[in-house]
Amino acid sequence: MNYLIYIILGIIQGFTEPIPVSSSGHIFLFKNIFNSDMFNDLNFEIVSNFGSFLAILFIFRREVWDLIVSFFSYIFKKDEKDKFKKKFRYCLFIIVSTIPIGIAGFLLKDTIETKLQNITLLGFAFLFTAFMLLLVKNKKGKKLDDDITLKDALIIGLFQIIALFPGISRSGTTLVLCLLVGMSRSTALKYTFILYFPISVGTMILGVKDIIDAGSLASVALPYFLGMVAALIVTYFSYRWLSEIVRRGNLWKFSIYCVFLAIFIFIYFR
């Protein structure tokens, strides 16, 4: 049964990580519905998130490698700066978009894990996510990678801070902001998930200490691994589904799900 529960948790993490419905919000909801220690296992959340990270890294492996090579080539290959300038600039914008949520996440970590863990707030957070997704119902920008500006990167970075609240989707918030600043759907999708990597790495680094402090993990190593693999596989297919939805301009349909989820929370936990 323990193995099965961890696999189910991995599936939940994998399915909700890419799509704009907040994976952390869903995990928190399940913690409140099922009063089990497994649903309060922060170490497993870190491990399952790593599974999602690997899946998205595999999908964007060429883009990530190309950006890393271009970034360092621009710095060290002085004779070829013009060749790598545009992608170096893109990397700088990713850094700019990462800094605000990185600072806020570090400073507010304890507050988020204690004071913001409220089931009623979660319901309102899902409603807020629904509202954001409705904002881009008919939005179709034209900006490509080379058209992104420093102002766009900063706006996206600042608004990502609200995604620290459980129930407010980071991918959803970023996608909405990318579309609102005029990016095309494909450009917005790419920027959202390239931006996912530094944020996810930072979160995992902060979480490593918690895993180390937990002491012996040998007894849960296998169920953790199975849950991570489940998250990895499901994240891959969930992202593919999301990319098709974004391409068709149907991102707003997730708002319907978020509204029903909020209603369920308000009724079930009244």
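The values are calculated or read from the model by the stated rules, or taken from the named source; none is laboratory data. Owing to the predicted nature of the structure, the values given are computational and were not obtained by experimental measurement. Note: ideal-geometry Cβ built from the backbone for every residue, glycine included; neighbour counts use all protein chains shown.
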*Got a number for residues in the stretch 124-142 being touching a helix residue (DSSP H, G or I) at 6+ places or on another chain (Cβ under 6 Å) and among the basic types (Lys, Arg)?*
2
*Considering only the stretch 111-152, state which residues are of a type in the set (D, E, K, R) and either surrounded by 12 or more Cβ atoms within 10 Å (Cβ to Cβ) or modelled with pLDDT under 90 (or both).*
113, 115, 137, 139, 140, 143, 145, 147, 152
_Top-ranked residue in the stretch 38-85 [being among the acidic types (Asp, Glu) and modelled with pLDDT under 85; ranked as nearest to residue 13 (Cα to Cα)]_ = 45
*Being over 19 Å from residue 268 (Cβ atoms) and of a type in the set (A, V, I, L, M) is the filter; apply it to the stretch 1-32 and report the residue that is modelled with the lowest pLDDT.*
1
*Could you tell me which of the residues 95, 155, 75, 103 is aliphatic (A, V, I, L, M) and crowded, with 16+ Cβ neighbours inside 10 Å?*
155
_Output for the stretch 155-180, where each listed residue is outside any loop (DSSP other than H, G, I, E, B) and among the aliphatic types (A, V, I, L, M)_ = 155, 156, 158, 161, 162, 163, 164, 175, 176, 177, 179, 180
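In the set 66, 146, 152, which member is part of a helix (DSSP H, G or I) and in contact with a Lys or Arg (Cβ under 6 Å, 6 or more places away or on another chain)?
Going through 66, 146, 152 in turn, just one is part of a helix (DSSP H, G or I) and in contact with a Lys or Arg (Cβ under 6 Å, 6 or more places away or on another chain): 146.
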_Breaking point among (1) part of a helix (DSSP H, G or I); (2) at pLDDT below 90, for residue 35_ = (1)
*the stretch 230-254 - residue that is of a type in the set (Gly, Ala, Ser) and within 21 Å of residue 191 (Cβ to Cβ) and, of those, surrounded by the fewest Cβ atoms within 10 Å (Cβ to Cβ)*: 249
*Are there any pairs with C-beta distances below 7 angstrom linking a residue in the stretch 63-79 that is of a type in the set (S, T, N, Q) to a residue that is surrounded by 15 or more Cβ atoms within 10 Å (Cβ to Cβ), with the two at least 6 apart or on different chains, and if so which?*
70/84; 70/87; 70/88; 73/84
_Given (1) more than 27 Å from residue 247 (Cα to Cα); (2) not in a helix (DSSP H, G or I), number of the condition residue 137 does not satisfy_ = (1)
*List every residue pair whose Cβ atoms sit under 7 Å apart, with the two residues 6 or more apart in sequence or on different chains, where the first one lies in the stretch 135-163 and is touching a residue at least 12 places away in the same chain (Cβ under 8 Å) and the second, anywhere, is among the charged types (D, E, K, R).*
140/185; 146/86; 160/170; 163/170
*Could you look through the stretch 204-240, keep only residues that are modelled with pLDDT of 70 or more and among the β-branched types (Val, Ile, Thr), and pick out the one that is nearest to residue 51 (Cα to Cα)?*
229
